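Structure, as structure tokens:
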Amino acid sequence: MLRSVVIALVVLLSLVSYKGVAQKIDADRSYAKFNVSKLGFSNVSGTFKGMEGRLSFDPEDMGRSQFDVCIRPATVSTGEEDRDAHLKEKDFFNVKKYPKICFKSTSLLKTKTGYLATGQLTIKGKSKTVNIPFTYANRTFKGSFQVNRKDFDLNDGTGMFVIGDIVTVEIYCIIP
């Protein structure tokens, strides 16, 4: 009898988590990935970990849904330690002064192919409105969008055109 009650509670709680109730992010498995052109003929890719914040998602009532999520730029990893150290410095992410990159939704809509989150992306104290098309399946949010790095004062420090201006960002947010 007790086992049946416990199983029923677990099932009920898992269903409730989808109905606009704040959901916990699996910080160990969630991440953001980025890709930017380098010298016009190759690319630099990397990831950020440490995603945290609040997700309230109700696919049947998008008006109750909201995202307020941050990631720590100090976790940047491109596979090259020197590059990672430079990206943490003042001319890029300035992680000492700005320890978080955040997105806070202002609206969420259902689309033909999934969903669309519109909101404020804040990097280095500068906020810009972005649209993030995303899908949701198996407790995983997947989205992709582009930003101009210069809108957020993310410079390469060389004054040259070493890296491109447009950065593609992919989000993988998993809830346990």
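The values are calculated or read from the model by the stated rules, or taken from the named source; none is laboratory data. Note that this is a predicted model, so its numbers are computed, not measured. Note that we place each Cβ from the backbone using ideal geometry, even for glycine, and neighbour counts take in every protein chain shown.
Do we find that Leu116 is at pLDDT 95 or above, farther than 26 Å from Asp28 by Cβ, surrounded by 13 or more Cβ atoms within 10 Å (Cβ to Cβ) and not hydroxyl-bearing (Ser, Thr, Tyr) in this structure?
Numbers: at pLDDT 95 or above: yes; farther than 26 Å from Asp28 by Cβ: yes; surrounded by 13 or more Cβ atoms within 10 Å (Cβ to Cβ): yes; not hydroxyl-bearing (Ser, Thr, Tyr): yes.
Yes, satisfied.
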(request) Test Ser105 against the stated conditions and say whether it is under 13 Å from the mean Cα position of the chain (by Cα), modelled with pLDDT of 90 or more and surrounded by 15 or more Cβ atoms within 10 Å (Cβ to Cβ). (result) yes
(request) Report whether or not Lys112 is charged (D, E, K, R) and either more than 16 Å from Ala32 (Cβ to Cβ) or in contact with a Leu (Cβ under 8 Å, 6 or more places away or on another chain) (or both). (result) yes
(message) What's the number of the only condition in (1) closer than 19 Å to Asn35 by Cα; (2) in a loop (DSSP other than H, G, I, E, B) that Pro176 fails to meet?
(response) (1)
(message) out of contact with any Cys (no Cβ under 7 Å at 6 or more places or on another chain), outside any loop (DSSP other than H, G, I, E, B) and either more than 20 Å from Ala27 (Cα to Cα) or at pLDDT below 95 (or both): is that true of Pro133 in this structure?
(response) yes
(message) For region 149-160, check the following and say yes or no: at least one residue is exposed (fewer than 14 other Cβ atoms within 10 Å of the Cβ), under 20 Å from Asn43 (Cα atoms), touching a residue at least 40 places away in the same chain (Cβ under 8 Å) and not hydrophobic (A, V, I, L, M, F, W, C).
(response) yes
